[in-house]
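Here is the structure we will look at.
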Amino acid sequence: MTKNQKSPLALLGLIVPVLATVSSLASGIWILVDRLHLSLPLALSFGSVGLTFIFGMLSSMIARGVRIAFSGKRQVFLSYDESGATEAKSIARLLSDAGAKVWNGKEMIKPGDSITDVIRKAIEDSDRFVVVLSDSPSVWQSKELALAKASHLKIIPVLVHGAQIPDSLSDIRAINLQEKSDDGFKELLRVAS
């Protein structure tokens, strides 16, 4: 098995939480019928609404997990502004060489596309969000960060050019690539690919 292939146990790791959720829902239905003396059809109605809500909330996480389990590749959304473009290009190459699929807006957004819609879809389809900070986040980086937070992605801030971690990311440990050391790149590979 190569580094990027996942064992069949990876898929089992996705199935077990789903089965646990269904089991909990069945227990809830039983409680509604037995303890609260609701009719079975009414209890099943409550159960189906609950199940729809739960799976709606988990659907993007389940889809990401299934994609990783079958393809063995993570999709990384790379956010940067022009002042960090050189470093972003190096990071993209490093992650691609390690087997990750790196989403880069410059290449993916075509003339006539809605930039916001394309970026939203790419973030929703990603597993990791790497934000290269060379200064304070640009307007677009701030929008992308908000979308990544809403999608519950793992956000990995990368500091370059003397950047400081912004308040909006102060509770997330950043990777410092400002020093001339390979440690930051090794750490980035470990958490992002």
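Just so it is clear, none of the values below were taken in a lab; they were calculated from the coordinates. Computed from a predicted model, the values in this text were never measured in an experiment. Backbone-built Cβ (ideal geometry, glycine too); neighbour counts: all protein chains shown.
At a glance:
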item: Cross-link partners of residue 186 among aspartates and glutamates (Cα-Cα below 14 Å; sequence separation of 8 or more within a chain); result: 97
item: Relative contact order [Cα under 8 Å, 6+ residues apart], the range 75-192, whole percent; result: 27
item: In order through the range 24-36: 3J(HN,Hα) via Karplus (6.51 cos²θ - 1.76 cosθ + 1.60), integer Hz, x for Gly, Pro; result: 4, 5, 4, 5, x, 5, 4, 5, 4, 6, 6, 7, 9
item: Residue 39-residue 24 pseudo-label distance in nm [points 7 Å out on the Cα-to-Cβ vector]; result: 2.9
item: Amide H contacts of residue 102 (H built 1.01 Å from N, under 5 Å, at least 5 apart or other chain); result: 76
item: In nm, spacing of pseudo-spin labels at residue 150 and residue 106 (7 Å Cα→C-beta vector); result: 2.7
item: For the range 123-165, the fraction of alpha-carbon pairs in successive 10 Å shells from zero, as %; result: 31, 53, 16, 0
item: Sorted largest first, extent of the range 75-192 alpha carbons per principal axis (Å); result: 41, 32, 26
item: Difference of contour (0.36 nm per residue) and Cα-Cα distance, residue 135 to residue 86; result: 16.2 nm
item: Distant-in-sequence amide H partners of residue 156 (H built 1.01 Å from N, under 5 Å); result: 129, 130, 131
